[in-house]
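The values are calculated or read from the model by the stated rules, or taken from the named source; none is laboratory data. All figures in this text were calculated on a predicted structure; none of them were measured in a lab. Here the Cβ positions follow ideal geometry from the backbone for every residue, glycine too, while neighbour counts run over all protein chains shown.
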């Protein structure tokens with residue numbers, strides 16, 4: 001019984017005591033904890049999430065190179081600047097395209113306005129010239145008068161004029177010796193003729209004229225004056241402005 005008690009209080013078998021002594025000696029030489037089992041338990045604790053303190057090396061830590069001046073700013077701000085540049089470029093592109101479109105539209109309108117203004121003047125002059133010819137005739141030379149008038153006409157109105165003068169006007173004028181002389185009305189003091197442009201585009205214009213027609217025939221005892229208002233439509237052709245319609249108002 002005495003021998004059993006001494007074994008229990010002892011530190012274990014002879015082989016275990018020898019291993020422990022050897023571990024203590026090795027720990028002293030390496031500067032580590034003397035108890036290997038306690039060191040193992042500390043390592044296990046460290047691996048499970050505790051903070052591990054590491055002694056600095058003899059040569060000291062090598063610090064990472066510090067970033068140069070503005071380097072951090074460039075790294076952080078480079079992407080936003082690139083995005084900003086792209087947005088600015090896109091905005092400038094849209095503005096440029098819009099400016100070009102506006103300039104083109106304004107240029108086209110300006111050009112059209114100039115052409116329309118030019119058309120008004122040309123159509124007005126053509127109407128003043130055409131009205132006396134188209135609305136006049138003399139039974140003594142009907143063919144000549146109708147030929148001159150048809151040279152100033154265009155389109156379907158030219159064909160209608162030819163049919164009407166041939167089937168209606170010529171027979172009546174020949175039978176009754178009809179003579180009609182038309183002039184554009186003007187003030188007695190020699191002012192501008194009573195002609196105005198109602199509407200105009202670069203290729204078409206509508207002109208209002210006040211026309212005096214003096215008619216002579218065997219059906220009347222003397223010359224008869226008719227004061228007429230005539231709406232004349234003119235169209236631009238390759239040969240200039242031609243009359244494409246005449247309506248008495």
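Quick notes
- Count of residues meeting criterion [closer than 20 Å to residue 129 by Cβ and in a strand (DSSP E or B)] in the stretch 217-249: 19
- Flag if residue 198 is crowded, with 18+ Cβ neighbours inside 10 Å and closer than 30 Å to residue 116 by Cα: no
Residue-wise test of (1) surrounded by fewer than 16 Cβ atoms within 10 Å (Cβ to Cβ); (2) farther than 22 Å from residue 219 by Cα; (3) touching a strand residue (DSSP E or B) at 6+ places or on another chain (Cβ under 7 Å).
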position: 118; (1), (2), (3): yes, yes, no
position: 126; (1), (2), (3): no, yes, yes
position: 149; (1), (2), (3): no, yes, no
position: 159; (1), (2), (3): yes, yes, no
position: 173; (1), (2), (3): no, no, yes
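- Boolean, residue 135 is under 44 Å from the mean Cα position of the chain (by Cα), crowded, with 19+ Cβ neighbours inside 10 Å, under 26 Å from residue 208 (Cα atoms) and touching a residue at least 40 places away in the same chain (Cβ under 8 Å): no
- Scanning the stretch 173-216 for residues that are at pLDDT 95 or above and in a loop (DSSP other than H, G, I, E, B) turns up 177, 178.
- Test for residue 105: is it farther than 16 Å from residue 242 by Cα, assigned to a helix (DSSP H, G or I), without any contact (Cβ under 8 Å) to a residue 12 or more places away in the chain and under 34 Å from the mean Cα position of the chain (by Cα): yes
- The test for being outside any loop (DSSP other than H, G, I, E, B), in contact with a strand residue (DSSP E or B) (Cβ under 6 Å, 6 or more places away or on another chain), over 18 Å from residue 236 (Cβ atoms) and free of Cβ contacts under 8 Å to residues at least 40 places away in the same chain holds for residue 145.
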